[in-house]
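This report refers to the structure that appears directly beneath it.
The values are calculated or read from the model by the stated rules, or taken from the named source; none is laboratory data. The structure presented is a predicted model; accordingly, all values stated were derived computationally and were not measured. Cβ sites come from the backbone with ideal geometry, for glycine too, and all protein chains shown count toward neighbours. With ligands, DNA and RNA removed, areas are computed over all heavy atoms of the protein, side chains included. Shrake-Rupley method; radii C 1.70, N 1.55, O 1.52, S 1.80 Å.
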Amino acid sequence: MKRMQHEQTELDMTPMIDVTFQLIIFFVCTIKYKTLEGKLETQLPRDVGVNRTPMEALIDKAEIHLDVDSTLPSGFGVTLNGRRMPGLESLSARLGDLKRQSPGLRATLYPGRGITYEHVVEVVDACLRVELYDITFAGVAFDA
Amino acid sequence: MARKQELEAIRMDMTPMIDVVFQLIIFFMLVTDLSQQDLADVRLPYAGTAVKDEMQTGRLTFNVLKDGGIEIKRVSQGRMDDPATQEWVRRFLAHEVARGRREPDGTSERAILIRADRDTEFKHIQKILRVCSETGIRICKIHLGAAQTPSRPAADPP
């Protein structure tokens, strides 16, 4: 009778271990931990067509050209309104000056051939550092 | 009597298994973020001014890989160099925009998040932006994905 009681309390652990291991394998294979990501907010031009109104001409613009320059440590050069900038710090400082003179300043980026996403993000970052939020990209004006 | 005893002997207590299974499920549900399932593995560039990206409803996410390939919701859609891919993106965006509302100036209310590898040529992204600006689509809220913490300098692959 005592022996029978012992047999009754014995538990087969196999299914539990099976299920547990299968779950662990599934989650380990599919898991993607939350990463710390941010965003830079920009926008495309809202105006339609190539017609520029006189009102728009009054708004000060910061035309920023990016081109590949392997002689620079960053690998790319920046020109602001036709003036070559020695670096991103200078670009930020100059944009800050322009922003103080004209609070409605709008930056337009002209990425040249070979320019990478990182280069563009660095320039956008330089603009945002001086609270210049109105950033657009050239060559993507709305169709008429 | 002997048959009844035999039946009782093979009964198994499922409680520990259910406990463990539920605890595992709860643990993995807490550490897994389903909202980031449409984010591809790309090396984002660092930007000091990048703001915390709160997941927005209705925002579209485009992952652009190093070779210019586009990935949307973990599905590769080809490169923007390919006219067929451009056409697919055009139809996809037009369909998505039609489901959303428009601003008073006619532009779409929807935003687009572009997450590209840091070494991706910008011309690939520019092609997406060009489609965004087309008549009938007109998405002008563009979010550029960036890392909030600088990554450790890694050795370039050989």
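Overview of values
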{"read-out": "Selection count, the range B:106-128, where residues are in a helix (DSSP H, G or I), facing chain A (nearest Cβ under 7 Å) and surrounded by fewer than 22 Cβ atoms within 10 Å (Cβ to Cβ)", "value": "1"}
{"read-out": "Flag if A:E122 is open to solvent by 40 Å² or more (accessible area, probe 1.4 Å) and on the phi > 0 side of the Ramachandran plot", "value": "no"}
{"read-out": "Of all residues in the range B:1-17 being of a type in the set (A, V, I, L, M) and open to solvent by less than 80 Å² (accessible area, probe 1.4 Å), the one that is modelled with the lowest pLDDT", "value": "B:A2"}
{"read-out": "Flag for A:R52 being open to solvent by 100 Å² or more (accessible area, probe 1.4 Å), more than 14 Å from chain B (Cβ to nearest Cβ) and either at pLDDT 80 or above or not in a helix (DSSP H, G or I) (or both)", "value": "yes"}
{"read-out": "A:G77 at pLDDT 80 or above and within 10 Å of chain B (Cβ to nearest Cβ)", "value": "no"}
{"read-out": "Any hit, the range B:72-85, residues being within 12 Å of B:I139 (Cβ to Cβ), in contact (Cβ under 8 Å) with a residue 40 or more places away in the chain, in contact with a strand residue (DSSP E or B) (Cβ under 9 Å, 6 or more places away or on another chain) and open to solvent by less than 10 Å² (accessible area, probe 1.4 Å)", "value": "no"}
{"read-out": "Of all residues in the range B:43-57 being hydrophobic (A, V, I, L, M, F, W, C) and closer than 15 Å to B:L113 by Cα, the one that is farthest from the other protein chains (Cβ to nearest Cβ)", "value": "B:M55"}
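Condition check ((1) at pLDDT below 70; (2) at negative phi; (3) in contact with a helix residue (DSSP H, G or I) (Cβ under 8 Å, 6 or more places away or on another chain)) across all residues:
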| site | (1), (2), (3) |
| --- | --- |
| B:L30 | no, yes, no |
| B:R43 | no, yes, no |
| B:A50 | no, yes, yes |
| B:D53 | no, yes, no |
| B:T57 | no, yes, no |
| B:V64 | no, yes, yes |
| B:G69 | no, yes, no |
| B:R74 | no, no, no |
| B:P83 | no, yes, no |
